[in-house]
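Worksheet: one structure, shown below.
Read-outs: derived from the displayed coordinates by stated rules, not from any lab. Note that the coordinates shown come from a computational prediction; the quantities given were computed from them, not determined experimentally. All Cβ positions, glycine included, derive from the backbone under ideal geometry; neighbour counts span all protein chains shown.
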Amino acid sequence: MNRTEFIITTAIILFVAFAMGWFANWLVHRFTRVKQSDVADLDRMSQELHEAEETRDQAITYLQQREAELTNQLSQSEAELRATMDGLRDARREAEELRGQLHS
């Protein structure tokens, strides 16, 4: 194999390698290309996710406020119940004392 044949063979091999690399690159870009409709879907889904997160945050805030209100109402009701029970106890004691005075 003389020098000219070696150069031509090397050039052909390099050209074939270049063509195969270019074809492989084209295939990769062809199959991994993102379509405009896919991008639009991703934008829509990200917007919906953002809105859902905002709604969730609002719901959490509302529930925390409602829980605080209900806890406060429960505390007030318990205090009123204790006061009522104390008043009832006093009234019963007073009624027993009056009955004792009437029977004596």
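Worth a mention:
- Options Phe23, Ala91, Ser37, ranked by Cα towards positive dipole end of the chain, top entry (Cβ charges): Phe23
- Selection from Ile60, Leu74, Ser104, by position along the positive dipole direction of the chain (Cβ): Ile60
- Dividing the convex hull volume of the alpha carbon atoms of the chain by its residue count gives 192 Å³ per residue.
- The chain: calculated mean residue ellipticity at 222 nm from DSSP helix runs of at least 4, using -39500 (n - 2.57): -35500 deg cm²/dmol
- Sites Gln73 and Arg93, calculated FRET efficiency, Cβ-Cβ separation with R0 35 Å, nearest 0.05: 0.70
- Using only side-chain charges placed at the Cβ, +1 for Lys and Arg and -1 for Asp and Glu, the dipole size of the range 10-104 relative to its Cα centre rounds to 620 debye.
- Stretching Glu80 away from Glu48 to a fully extended chain increases their span by 6.8 nm, per 0.36 nm per residue minus the current alpha-carbon distance.
- Fluctuation leader among Leu88, Leu49, Leu74 - the chain, Gaussian network, Cα springs under 10 angstrom: Leu88
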